[in-house]
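K.L.:
Sending over a structure as structure tokens; questions will come in a sec.
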Amino acid sequence: MSTPSLELWNAAANTPFSPIIGKSLHSPVAFLLLAIGAILTIVFSINKSLALTPVIAIPASIAFGSVISRSPRHSHIILTVANRIGSVYALAAGGVYV
Amino acid sequence: MRSSNSRVSLLATLLLAASHLGSSLNIPQVYKNTNLLRTIDASKAYVKETIAVIIENTSDKPQTEYYLPLSVPGSSAVSYVECKDKKESTPCTAEAVDDTTDYPLRYYKITLPKTLQPKDQITLSITAGITGALTPVPAIIGQSDKQFLSYTGAKFVPNPYFTEKQKTKFRAANGEIPDYTVFEQTEKSGYIVTYGPYDNVEPWKTDAQVDEFTIRFEFTNPIIFMEKMERDIEVSHWGNNLAIEERYWMTNNGAKLKEQFSRLSWATTSYYNPPTAAIKSLLFPLRVGSKDAYYTDEVGNVSTSKFRSDSREAILDIKPRFPIFGGWNYSFVVGWNNDLPAYLRHGKGDEYILKVPLLQGPSQSTSYGKVEVRIILPEGATNVKYDSPIVIHKEERFLHKTFMDTLGRTTIKLTIDNVVDELKNRDIIVTYDYSTISALRKPLVVLASVFSLYIVTAVLGRIDLSIGK
């Protein structure tokens, strides 16, 4: 097995990992996307037309999917609380480790 | 019948002797040690033995391998051996020889940093960490008594080559050394006991009588021993986070308590903070930028901890629920987060390079029976390679399933036995490939499941379940 070395690390000095969204923005972005998802879900639940799926259901799904991935990292305690509040929030908090 | 039995036993003895001879190490006499200085540092909870030796090639052929034995009697064991050319600081490799016939010696084959020509000399500095070599004497002490440890070693440094001049220095934790063996040329100065110099010491012979010295010295500090430590290093690209969690099973290998623990006596003396053989607190110096530290045990969160993190340092100071005296056990968990960019870099293409400390642990001198480090990479990471700063005894690769995983996260588990804290804060470098498609797996899975839910509700909503007109 070839082993990577310190040179490889040093060679990549100019390209540190850059996240799409910084840690401080996790919560607001997650909240915004979750809110969009919730509103679109309500709209869709009022008028469950198949014609509306591309307009409402898909953006809502994307919002939910993104929320889970961009949610903040919480400790176990918050996660436990979140689990009790509701499954959606739990998913958001669980997204921590994604 | 009797003669048949005795013949069998004689044959067995001969076979045993033959097998013994066959496996014993045959070291060619190609060197002499011009000068050898052994320093035994017992100021920590384990022994650090340093051998500085000038070796000369006395053969007529160039040599590259030098054999060095370390004495590990009873329950003591070698944790690590490191070697370098003392003048040029060039590292050389030390490899354990698979031969235990010469008890209590454990031989190491040292590959010299350069080929040693006939009559040439080289100065080697060999450092070894040895655990289990210190015994509390007396084995039972009072709650506020001083603790004394005892060390026994050979007067002459075990070495398979002729040594022109050798000396042993024993460094105790402080100047209080009530007992030590006195030979000719023995000197005690402060906290150091010196044996030698001794001239023209013959090569070590297994059967020869060995002169041993015993030193008993004060060590009123806990002997912290982690029977097991599990360390998780979890990388999250989406979360921009490096999460580290350490689970410890700790014990104090110091002298046991003579009587029952007195809480009153403990509370009254703790005001003037006397030296104690109990573990009162542990200080974890973390890397700068560490945050969200937590300290829990089986009961739950332990509030007696302090965490300070600023631009210069990050220190987690924990106080267990009770002082841990000799023979007492305590298990606990500590964890913290770091921002990922300081530890992860993007290489060529989909390659990522991770550089994290393999071991951290408390600042107090500590030894570990078994360490298991799990490096949990993102789900879908492939082609994982690593470069470890210390010898790994066992490696496992598997998928670790946790929140929102479909396949499971790529994980490598590295097991290291008998570790001392001298080896901490060294970085392991891990490289892996992680494509954008793999990164999008989680949101896409959630998207698909939520969207299918909408479709199902839309379809179900169109079913006319009303009773006929």
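The values are calculated or read from the model by the stated rules, or taken from the named source; none is laboratory data. Note that this is a predicted model, so its numbers are computed, not measured. FYI the Cβ positions are ideal-geometry reconstructions off the backbone, even for glycines, and counts take in every protein chain you see.
K.L.:
Starting from segment B:170-193, keep only residues that are in the same structural domain as residue B:152 (by TED's automatic domain parsing) and on the phi > 0 side of the Ramachandran plot, then list their pairs with residues that are among the β-branched types (Val, Ile, Thr) and not in a loop (DSSP other than H, G, I, E, B) whose Cβ atoms are within a distance under 9 Å, requiring at least 6 positions of separation or different chains.
P.N.:
From segment B:170-193, the pairs are B:185/B:194.
K.L.:
I want to confirm something. Restricting to segment B:302-345 and keeping residues that are assigned to a loop (DSSP other than H, G, I, E, B) and small (Gly, Ala, Ser), which single residue is nearest to the other protein chains (Cβ to nearest Cβ)?
P.N.:
B:303
K.L.:
Restricted to segment B:390-436, and to residues that are within 11 Å of chain A (Cβ to nearest Cβ), in contact with a Leu (Cβ under 7 Å, 6 or more places away or on another chain) and among the aliphatic types (A, V, I, L, M), which residue is surrounded by the most Cβ atoms within 10 Å (Cβ to Cβ)?
P.N.:
B:430
K.L.:
I'm checking my understanding of the structure. Among residues of segment B:86-123 that are under 23 Å from the mean Cα position of the chain (by Cα) and touching a residue at least 40 places away in the same chain (Cβ under 8 Å), which one is nearest to residue B:206 (Cα to Cα)?
P.N.:
Among those that are under 23 Å from the mean Cα position of the chain (by Cα) and touching a residue at least 40 places away in the same chain (Cβ under 8 Å), it is B:105.
K.L.:
What residue, of B:294, B:330, is aromatic (Phe, Trp, Tyr), surrounded by 17 or more Cβ atoms within 10 Å (Cβ to Cβ) and farther than 29 Å from residue B:173 by Cβ?
P.N.:
Numbers: B:330 fails: farther than 29 Å from residue B:173 by Cβ.
Of the residues listed, the single one that is aromatic (Phe, Trp, Tyr), surrounded by 17 or more Cβ atoms within 10 Å (Cβ to Cβ) and farther than 29 Å from residue B:173 by Cβ is B:294.
K.L.:
Kindly provide the set of residues from segment B:418-469 that are assigned to a strand (DSSP E or B) and under 30 Å from residue B:351 (Cα atoms), ordered by number.
P.N.:
Scanning segment B:418-469 gives B:427, B:428, B:429, B:430, B:431, B:432, B:433.
K.L.:
Of these, B:200, B:174, which one is part of a strand (DSSP E or B) and more than 14 Å from residue B:49 (Cα to Cα)?
P.N.:
The conditions single out B:200.
K.L.:
With A:14, A:10 as the choices, which residue is polar (S, T, N, Q), modelled with pLDDT of 80 or more and assigned to a helix (DSSP H, G or I)? Before you say what the answer is, go through the steps one by one.
P.N.:
On the way: A:14 fails: assigned to a helix (DSSP H, G or I).
Just a single option satisfies the conditions, and that option is A:10.
K.L.:
I've got another one for you. I need a count of the residues in segment B:124-142 that are surrounded by 19 or more Cβ atoms within 10 Å (Cβ to Cβ) and more than 27 Å from the chain's Cα centre (by Cα).
P.N.:
Selection size over segment B:124-142: 1.
K.L.:
OK, next. Looking at (1) part of a loop (DSSP other than H, G, I, E, B); (2) within 14 Å of chain A (Cβ to nearest Cβ); (3) within 24 Å of the chain's Cα centre (by Cα), which is the one condition that is false for residue B:238?
P.N.:
The one condition residue B:238 does not meet is (3).
K.L.:
Another question, if that's okay. In segment B:140-169, which residues are within 16 Å of residue B:261 (Cα to Cα) and hydroxyl-bearing (Ser, Thr, Tyr)?
P.N.:
B:144, the sole residue that qualifies.
K.L.:
In addition: Considering only segment B:441-454, how many residues are more than 8 Å from chain A (Cβ to nearest Cβ) and under 39 Å from the mean Cα position of the chain (by Cα)?
P.N.:
1
K.L.:
Could we say that residue A:44 is more than 10 Å from every other protein chain (Cβ to nearest Cβ) and modelled with pLDDT of 70 or more here?
P.N.:
So residue A:44 does not fit the description; no.
K.L.:
Any residue in segment B:253-269 that is surrounded by fewer than 14 Cβ atoms within 10 Å (Cβ to Cβ) sitting within a Cβ distance under 9 Å of a residue that is acidic (Asp, Glu)? List the pairs, counting only those 6 or more apart or interchain.
P.N.:
B:258/B:145
K.L.:
Here is a check on your reading of the model: is residue B:129 in contact with a helix residue (DSSP H, G or I) (Cβ under 9 Å, 6 or more places away or on another chain) and not hydroxyl-bearing (Ser, Thr, Tyr)?
P.N.:
So residue B:129 passes the test.
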